[in-house]
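Structure first, then comments.
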């Protein structure tokens, strides 16, 4: 015969478990929608207002707050997202190959367009842009790709979805969109293999700086301060 206290507690425990399962089931959708909304807002701020740094700052603050709230409940989530040492060397090696190929391609394009030159603005951008690169990789890999991996078996499909999303939010600039699509393909495949974000964020930032100067012929540093004044 069941203990009377345990018998009375069983329905309550079942109800709490069901509520927790519902929250967990809805979390991937919420995270994916948050990433999508950030991408749309970034596009709108860039094209309509011409000052995307606003949404960059807001996204950094918002997602940092979300990370902090999740960590308070479950500290292990940080490692599962990819902020960890495990897989770092493998990810660094694989992403270094991708970065080297990207640098060679951009240098060739820059030379053909007469833009193969260094500028001192590259230095502060190379120090700051990896922060935004890490946030973007967290959004695409740690949230979108990781959540898709729990629902979609095909890594190829997951990689294509993530890369397409990454490319779409950089439209209507076709060169920028194509470059980010290719980067999304490579980095999503690497993340699915080793689940480490650190090298991806770092190379995202550095490759982004070179892309703007060598391929697009734009100086983000000048754009930021000109539009801020």
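Note down the nm distance, to one decimal, between modelled labels 7 Å out along Cα→Cβ at residue 89 and at residue 175.
Result: 3.9 nm between the two label points.
If you take the beta carbon distance between residue 72 and residue 29 as r and set R0 to 22 Å, what does 1/(1 + (r/R0)^6) give as a FRET efficiency, to the nearest 0.05?
Here the calculated transfer efficiency is 0.55.
Would you mind getting the Kirkwood hydrodynamic radius of region 79-229 from its Cα pairs, rounded to one decimal in Å?
Values: mean 1/r = 0.0631 Å⁻¹.
Across region 79-229, the inverse of the average 1/r is 15.8 Å.
If the label point is 7 Å along Cα→Cβ of residue 131, which residues in region 52-73 have backbone nitrogen under 16 Å from it?
The answer is 53-65, whose backbone nitrogens lie closer than 16 Å to the label point.
If I take R0 = 22 Å and measure r between the Cβ atoms of residue 153 and residue 104 in this structure, what FRET efficiency does the formula 1/(1 + (r/R0)^6) give, to the nearest 0.05?
In this case the efficiency is close to 0.05.
Values quoted throughout were computed directly from the atomic coordinates according to the rules given, and no laboratory measurement underlies them. Keep in mind that this is a model prediction, so the values were computed, not measured. Here Cβ is always computed from backbone atoms with ideal geometry, including for glycine, and neighbour counts include all displayed protein chains.
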